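*Asks:* One structure is given below, represented as structure tokens, and several questions about it will come after.
Nothing in this text is a laboratory measurement; each read-out follows from the coordinates by a stated rule. These numbers were taken from a predicted model, which means no experiment stands behind them. Note that we place each Cβ from the backbone using ideal geometry, even for glycine, and neighbour counts take in every protein chain shown.
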Amino acid sequence: MGLDPEIQLGLILLIAIISFIAIFSKPILGIYAVAVISIMFSPTIRIGFANMYFHQWVILVALLASLSSGLILGIVHTKMKSGINVPMMIFIGSFLLAMSHAPNMVIGIKSLLYIGVFIASYYLVLLCMSAEKHIRVFVHLLVVATSVVCIISFGYYGSGRLGSLVLRNPNSFGNFLALVIPFCTTLLFYGRLGRGQRLIFGISLLTMFIGLALTFSRSAWVGVFLGITSLVVIRPRAPILLLFGAILSAVFLFAPIQKRAIKDISDPGAQYRVIKAKIAYEKFKENPILGNGLGSFHYEAQFSDIWAYRAHSTLENNYLLMLAEGGLVEFFAFVYLMITFGRKAVMFLRKIKDPFLSPVLLGSVVSIISTLGAGMFEDTLFFPKNNWLIGMFMGIVIIVGRIHEESTKAENPIGAEGQEHLFSEETGNYGPDIRSR
């Protein structure tokens, strides 16, 4: 900041080269760097025509370094296996199709770069994470950095709504917390933590809940409510039921929250969303199959006679935005991706009972449910300051399943094929003795 443009560019290139070398040598450093930078410090950096946030550049460098390392070691193909590559490629293809008829190519490319943060973060996790210790470090970095940012934000909080160092917009900060809170809640109530860890996680979660309340972000509140509700449904426990009751009580007992959640439903912010949602639906009906092109909703706002649309060109709804810009093709590509991912997540939830991996898996799933719920009122999937974490949580689900499968093979090296030919003296049959397991 404040440096000569040439010196600034040289400094950025030097940092990029050093980062590339470090991540190439140890790919997991890319994940750790993104987790801290995205939360603590991510200014906008312009290089040529590109105008992206700092963490977007870090993700790009980390992805290139990890791919290069994997190609040299010959393990890229193995690392990229996930079981959802086909629906992910169809999802990516739907955006490329939408960009092919974008009304403005520059805005279309920017929109592609925004959704690209989500996709790149997902594959970055697949390429870099390979062990339980990697997940442990990532979890602690995420929880500690989020709680520190909340505490710092309290110091700058005035009479308005709470924002953070990076996410200055209260709705953006609230929707980030709507991703972290269900994850942290799951680890606290379902994980086997030591007394010290439980204290740290408890204090961190308390600061996050206070921060979430002070953002007064209704979309984030909806997301957290759905995330905690999914926990109650999937694995009901007394502490979670008590927390669920406390959240409901806060709505009715804490006057500012009650006013924001119930009485202010017709305020200008809510009405702008309703107006833009109607406009998006009308645009979808004009081109229901292929949509109006990537970035079209934002681009066409400048020509609108409706002030709420022209002055606030962002559409705060993931699903209407996909329908308006990419049509049914893009929307159903996303639905296909989520159904395939959901089936895989459910399979892992049934199989994995590890005291650490199981709550991490469950926490990632409920956090994704939370952000999908918030996505009815915010563009969480398209916002690059938040969607990197959605991609990482999806990647962690796949990695947890991979670690479980590898540990199962290590414990049972003969494998199912070899066991078919083993003779059991106890049962008098060929094949594994089920009772001995």
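*Asks:* What is the Cα radius of gyration of the chain over 2.2 N^0.38 Å, N being its residue count?
*Replies:* Normalised by 2.2 N^0.38 Å, the Cα Rg of the chain equals 1.04.
*Asks:* So who's got an amide H within less than 5 Å of the one on residue 53, skipping anything under 5 residues away but keeping other chains? H placed 1.01 Å off N, in plane.
*Replies:* Answer set, sorted by chain and number: 45.
*Asks:* Considering the convex hull of the alpha carbon atoms of the stretch 1-125, report its projected area averaged over all viewing directions, in nm², one decimal.
*Replies:* That works out to 8.9 nm², a quarter of the Cα hull's surface.
*Asks:* Net charge within 14 Å of residue 410 by Cβ-Cβ distance, Lys/Arg positive one each and Asp/Glu negative one each, not counting residue 410 itself?
*Replies:* Here the count lands on -3.
*Asks:* Express in whole angstrom the spacing between the alpha-carbon centres of the stretch 73-128 and the stretch 203-236.
*Replies:* 29
*Asks:* Still on this structure, please answer the following. Give the lysines whose C-alpha is closer than 30 Å to that of residue 353, dropping any in the same chain fewer than 8 places away, or say none.
*Replies:* Partners found: 26, 79, 81, 133, 344, 409.
*Asks:* Leaving out same-chain residues fewer than 8 places away, which lysines sit with a Cα under 19 Å from that of residue 285?
*Replies:* 276
*Asks:* Note down the net charge around residue 42, summing +1 for each Lys or Arg and -1 for each Asp or Glu among other residues with Cβ under 13 Å from its Cβ.
*Replies:* +2
*Asks:* If Lys and Arg each add +1 and Asp and Glu each add -1, what is the summed charge of the other residues whose beta carbon sits under 9 Å from the beta carbon of residue 377?
*Replies:* Counting the neighbours of residue 377, the net charge comes to 0.
*Asks:* With a 10 Å radius around each residue's Cβ, average the other Cβ atoms per peptide and rank 141-148, 337-344, highest first.
*Replies:* In descending order of packing, they fall as 141-148, 337-344.
*Asks:* If you fit an axis through the alpha-carbon atoms of helix 318-351 and take the longest principal axis of the Cα set of the chain, what angle between them do you get, 0 to 90°, nearest 10?
*Replies:* So the helix axis and the longest Cα principal axis differ by about 20 degrees.
*Asks:* Could you order peptides 220-233, 201-214 by the average number of other Cβ atoms within 10 Å of their residues, highest first?
*Replies:* Going from most to least packed, we get 220-233, 201-214.
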